[in-house]
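The values are calculated or read from the model by the stated rules, or taken from the named source; none is laboratory data. Every value quoted in this text rests on a predicted model; they were computed, and no experiment measured them. Here the Cβ positions follow ideal geometry from the backbone for every residue, glycine too, while neighbour counts run over all protein chains shown. Calculation scope for accessible area: heavy atoms of the full protein, side chains included, ligands and nucleic acids excluded. Shrake-Rupley method; radii C 1.70, N 1.55, O 1.52, S 1.80 Å.
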Amino acid sequence: MNDFWFYTELGFTHVLDPNGYDHVLFLTALALPFSFGQWKKVFWLATLFTLTHCLSLALAAYGVVQVNSDLVELLIPITILITALLNLYTADKAQASQKAFRMDLGVTGFFGLIHGLGFSNYFRMLMAEEEEKTAPLLGFAAGIEGAQLAVLLAVLTLSYVLLQWTPLSRKYYVWGFSLVIALIALKLIFF
């Protein structure tokens with residue numbers, strides 16, 4: 001059981017690590033188009049992201065996949081950039097359609113696999129000495145999910161406050177923050 005809690009804490013700090021802010025940046029871009037009233041959709045997107053993120057880690061922990069970390073480190077900011085650009089494209093369109101949400105789920109799931117691969121080499125080294133890998137993987141997933149939900153709650157709360165207490169429209173709010181995220185992602189890609 002100690003392993004479970006160790007890996008839960010590791011998953012939690014993995015998301016909130018100031019040196020690895022790419023995770024928070026992606027989650028912020030993911031949640032921007034949604035209102036507080038759409039929290040269930042954001043929850044399902046985050047949960048799918050956690051599941052696919054951990055699937056990559058499980059495949060690495062069991063030696064099924066091994067990746068070029070330089071390539072994955074390039075792909076992660078590209079996923080952030082694409083998410084921000086999708087926000088720019090859809091900011092003035094309704095986010096309520098089921099078709100748009102299915103697309104969000106597909107993109108988020110795929111991006112979760114990529115983000116999981118970014119941590120997979122390190123995670124595989126951590127798990128090398130572990131005979132039983134299920135509890136650590138579940139603990140890590142629980143930590144990731146908890147931290148992600150905290151980030152998403154903060155983003156949805158900030159969105160609510162800014163949109164209720166300022167004259168800012170949702171469209172310009174999403175555009176503004178998405179543009180900033182896109183610029184940060186470009187910096188991560190090229191510098």
What pairs come up if the first residue lies in region 171-189 and is part of a helix (DSSP H, G or I) and of a type in the set (Ser, Thr, Tyr), the second is surrounded by 15 or more Cβ atoms within 10 Å (Cβ to Cβ) and at pLDDT 95 or above, and their beta carbons are under 6 Å apart, counting only those six or more places apart or on different chains? SER178/ALA84
Could you list, ordered by first residue, the pairs with Cβ atoms under 6 Å in which the first is in region 111-135 and closer than 13 Å to PHE4 by Cα and the second is among the aromatic types (Phe, Trp, Tyr) and surrounded by fewer than 24 Cβ atoms within 10 Å (Cβ to Cβ), at least 6 apart or interchain? ALA135/PHE4
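If you check GLY37 against the conditions, is it assigned to a helix (DSSP H, G or I) and crowded, with 23+ Cβ neighbours inside 10 Å? Quick ask: steps written out before the conclusion?
Values: assigned to a helix (DSSP H, G or I): yes; crowded, with 23+ Cβ neighbours inside 10 Å: no.
Answer is no for this residue.
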Can you tell me which condition GLY63 does not meet? The list is (1) surrounded by 15 or more Cβ atoms within 10 Å (Cβ to Cβ); (2) part of a loop (DSSP other than H, G, I, E, B), and all the others hold. (1)
Report, ordered by the first and then the second residue, all pairs with beta carbons closer than 6 Å, sequence separation of six or more or different chains, a first member in region 42-58 that is modelled with pLDDT under 90, and a second member that is assigned to a helix (DSSP H, G or I). LEU57/GLY116; LEU57/SER120; LEU57/PHE123; ALA58/LEU137
For GLN98, only one of the following conditions fails: (1) touching a helix residue (DSSP H, G or I) at 6+ places or on another chain (Cβ under 8 Å); (2) more than 25 Å from LEU74 (Cα to Cα). What is its number? (1)
Is it the case that region 122-131 has a residue that's open to solvent by less than 20 Å² (accessible area, probe 1.4 Å), of a type outside the set (S, T, N, Q), over 22 Å from TRP39 (Cβ atoms) and part of a helix (DSSP H, G or I)? yes
